[in-house]
Amino acid sequence: MRGAVIHAPGDVRFETLDDPKILHPTDAIIRTAVTCVCGSDLWPYRGAEPIGDPHPMGHEYVGFVEEVGSEVTSVRPGQFVVGSFATSDNTCANCRNGFPSNCLHREFMSTCQAEYVRIPHAQGTLVATDGVPDEKFWPGLLAVSDVLGTGWWAADAAEVGPGSTAVVVGDGAVGLCGVIAAKERGAERIIAMSRHESRQNLALAFGATDVVTERGEEGVARIKELTGGIGADSVLECVGTAEAMRQALHAARPGGSVGFVGVPHDVAVDGQELFFSHVGLRGGPAPVRRYLPDLIDRVLAGRIDPGKVFDLTLPLERVAEGYRAMDERRAIKALLTP
Ligand SMILES: [Zn+2]
């Protein structure tokens, strides 16, 4: 089969690889329906994370089950499945407590920009749809598996509820999906922080009520102006930089909450400041598996269309172009079709 391999910063190639095989009785092999490039794939692509030896890339997938190991009974060959970027057995204590992305048997997926993928712990990780969904839903279901699940977690962790005011820091695919999540969870006012017109428009289409273009302390001042001088009930931090985290913590009202889902790079939180702010803080890799059945239903019912975050579609063999377009911010998110 063929798939993406990163060799060095800026150097992603489409190469022939060994076909994945069932290694454990709990594995499944899927044939990729669609996959994509993630904002977090850009960290190694930009040289902000070490690469080491050349290795496959990608952690987002929806596809068709090809083969299952002897212990997998929940899905069968031919079914269309959605799964998380973090595998989970769905039975351990952490899974039962609602944190499958901290499963005691967790593995992070890392070979999904390819024609076929091995899924460890398939029984707990994969969710099959009823029948094969129409192709128009595939991008939305792919978004569910990572960016929407993560935006949903940001809103959940930030305790967005009916009638609340939510601020979304970050206008990448996760931030835009955070707007969808805040709207679905009943936020009355959703303030998107964005400087890019196309992304502002998508945020507004997804349910944002206000757009703030200022950043840093100016952005915080603008949020305060819009929230009676005190700040927002909920803030979704969907970037992962020190500036974004500071902005998020300062934009929340006393007693409000920040959900942080951008993978932190050089982020430090001031304990004194957090103590006196009364702001709640929770984040981490999204427990996507917990949300999958609900989010799949919302997509297939046509309630939400998170697939709109894909503004570039390429054949999988042109995966390198997808990285380039996202790196140069010409695309929000690149969809790849095998
Ligand atoms: Zn588990």
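Some notes on this structure:
- Extended-chain gain in nm, criterion 0.36 nm per residue less alpha-carbon gap, Arg303 and Arg46: 88.9 nm
- Gain upon complete extension [Val269, Phe108; 0.36 nm per residue less C-alpha separation]: 55.3 nm
- Prolate/oblate/rounded call for the range 150-283, Cα gyration tensor, a/c under 1.5 rounded: rounded
- Fewest-first sequence of Ser40, Ser84 by Cβ atoms within 10 Å of each Cβ: Ser40, Ser84
- Percent antiparallel among DSSP beta bridges (both partners in the chain, rounded to 5): 50
- Shown is the FRET efficiency for Lys224 and Glu197, computed with R0 = 25 Å from the Cβ-Cβ distance and rounded to the nearest 0.05: 0.55.
- Residue order, fewest to most surrounding Cβ atoms within 10 angstrom, among Ser101, Ser277, Ser70: Ser70, Ser277, Ser101
- Between Arg31 and His7, residue separation times 0.36 nm minus the direct Cα-Cα distance comes to 6.2 nm.
- Two-decimal Rg to Rh for the chain - Kirkwood Rh, Cα set: 0.97
- Listed from fewest to most Cβ neighbours within 10 Å, the set Val65, Val168 follows the order Val65, Val168.
- Over the range 150-283, relative contact order from alpha-carbon pairs under 8 Å, at least 6 apart, %: 27
- Our summary gives the chain a relative contact order of 19 percent, counting only alpha carbon pairs under 8 angstrom and 6 or more residues apart.
- Under the combined filter of DSSP loop state and at most 16 neighbouring Cβ atoms within 10 Å, the range 286-338 retains these trypsin sites (Lys or Arg not before Pro): Arg303, Arg329, Arg330.
Read-outs throughout are calculated quantities, based only on the coordinates presented, and are distinct from any laboratory measurement. If you're wondering where the values come from, they're calculated on a predicted model, not measured in any experiment. No Cβ is skipped: glycine too gets one built from the backbone with ideal geometry, and neighbour counts run over all protein chains shown.
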